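Data first, discussion second: the structure below is written as structure tokens.
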Amino acid sequence: MYTLAAQAGGANWALLIVVYVLIFGGFWFIFIRPQKKEQKRVQAMIASMEVGDSVLTTSGFYGVVIDINDSDVIVEFGSNRNCRIPMQKAAIAQVEKASAE
């Protein structure tokens, strides 16, 4: 009778571990995996950015890229040619490729 109770206790622990693994797996598929996919998409968008592309900054300003460095870009805002602001690439939220017209 003691062995039967010991086996049942071991089965309870195994079931508990399986439940925790399933919960962690669910959280990974729901939260971690989509976030990593979004990070890869944003990195690819920033890597493909070229001079002349229209960009939207994280602060909501639209501009045109006029120069690109390793970690910075210089963006020209509005029709005023003197409004050129250097900013980090991480401040770019959206890139629209320049049309070939």
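All of the numbers you see were taken from the coordinates with simple rules; none came from a lab. Predicted model only: the values in this text are computed from it and were never measured. Cβ placement follows ideal geometry from the backbone for every residue including glycine, while neighbour counts extend to all protein chains displayed.
For this structure, a couple of remarks:
- FRET E, pair residue 32, residue 80, Förster distance 41 Å, beta-carbon r, rounded to 0.05: 0.40
- Of the trypsin sites (Lys or Arg not before Pro) in region 59-98, those whose Cβ has at most 11 other Cβ within 10 Å and which sit in DSSP loop: 81, 97
- For the chain: rounded, prolate or oblate by the Cα gyration tensor [a/c cutoff 1.5]: prolate
- Rounded to 10°, Cα long-axis angle of helix 2-27 versus longest principal axis of the chain: 10
- In sequence order, region 68-76 has phi-based couplings of 10, 10, 4, 10, 10, 10, 10, 10, 9 Hz under the Karplus curve 6.51 cos²θ - 1.76 cosθ + 1.60, θ = phi - 60°, and Gly or Pro positions carry x.
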